[in-house]
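Visitor: Handing you a structure now.
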Amino acid sequence: MARIVLPCASLDFDPTEVSVPWSVLHDAGHEVFFATSDAARAWPDEIMLTGAGLDPWAFIPVLRGIRGVGRVLGADARARAAYARLEQDARFLAPVAFRALSAADWDGVVLPGGHRARGIRPYLEDLHLRAFVSGMFDAGKPVGAICHGTVVAARATSAATGRSVLHGRKTTSLTWAQERLATRIARVTRFWDPTYYRTYTEAKGEPAGYRGVEAEVTRALASSDDYRDVPRDDPDRGIKTDGLHRDGPDDPRPAFVVRDGCYVSARWPGDAHTFAKTFADALREGGRAPR
């Protein structure tokens, strides 16, 4: 079985994007370890874990636990159950430091996301993590990235080419359509914190979405055609793009996952089960699937 490391933001990681891949890979018999910037245990975005705080009445303490929008946009019951299991895992409670990671020690890495700027920016900007991810790509080892985790990959520079490790690869990520929709919802339902879903926001004069995940990832690619989204003729396009449906252990229809050899990418928590299973396939095949 493989040794896999799952780096997390120290604060505000997305609980679904961490716990579901851990659960799938752990239950498949792989050894899954964790890493943070300072080797201290990581903490999730509690708003995404519970769904409390996503509704317009959430700033009123007595009403905070009543979930409306939060029932849809927060972690679902399967993810919450997976996270409850994760909190009992000794490796999760005692992670290694990003600076201690070396590609020689690992068979694969999974890069989860999260969006809340206060916790996720330090994760996306960590140079030690970026160097490790570069080493994994250059070694041809499986790398999985979901949602904002794709930004870590986009910012990692290959020692062999001097370009992003995603240059010449096909990928997806959190799409601008998803990020924009969540932001529009937040302006109403979380009006006191309208940029909750935006990790980076545009400077004056920059077009809408320029600092979004899709735009940054696309700028790292050899061609914008290498960025993939759900095809318009996909028979399940409706449930893949409506933001209301999430995949499950036995239902991949709502998910959209892209595999390019040893690299596997996905968009958001609603893809997490299929993403983890596809990454497990890449581990088993050593990343040798056709590109």
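Just so you know, all these numbers are worked out from the coordinates, no wet-lab data involved. It should be emphasised that the depicted structure is a prediction, and the values quoted were computed from it without experimental measurement. So basically every Cβ, Gly included, is an ideal-geometry build from the backbone, and we count neighbours across all protein chains shown.
Visitor: Taking the number of other C-beta atoms within 10 Å as the exposure measure, put Ile60, Ile47, Ile4, Ile185 in order starting with the fewest.
Guide: Numbers: Ile60 10, Ile47 21, Ile4 25, Ile185 18.
Neighbour counts put them in this order, fewest first: Ile60, Ile185, Ile47, Ile4.
Visitor: FRET efficiency for Ala139 and Asp225, Cβ-Cβ distance as r, R0 = 30 Å, nearest 0.05?
Guide: For R0 = 30 Å, the calculated efficiency reads 0.65.
Visitor: Could you name the lysines in cross-link range of Lys240, using Cα to Cα under 21 Å and dropping any fewer than eight places away on the same chain?
Guide: Lys170, Lys277
Visitor: Pop a pseudo-label 7 angstrom from the Cα along the beta-carbon direction at both Gln88 and Ala177 and give the gap in nm to one decimal.
Guide: Going by the 7 Å Cα→Cβ label model, 4.0 nm.
Visitor: Continuing with this model, one more query. Between [x] 34, 28, 18; [y] 27, 22, 19; [z] 39, 28, 21, which entry matches semi-axes √(5λ) of the Cα gyration tensor in Å as derived from the coordinates of this structure?
Guide: Label of the calculated value: [y].
Visitor: Using a 7 Å offset from Cα along Cα-Cβ at Trp57, what residues in the stretch 67-88 end up with backbone N under 12 Å from the label point?
Guide: 67-69
Visitor: Any chance you could check the Cα centroid distance between the stretch 115-167 and the stretch 15-87 for me, in angstrom?
Guide: Between the Cα centre of the stretch 115-167 and that of the stretch 15-87, the gap is 23 Å.
Visitor: Figure the gain on full extension for Asp193 and Ile66 (residue separation times 0.36 nm, minus the Cα-Cα span) and round it to one decimal in nm.
Guide: Full-extension gain reported as 43.9 nm.
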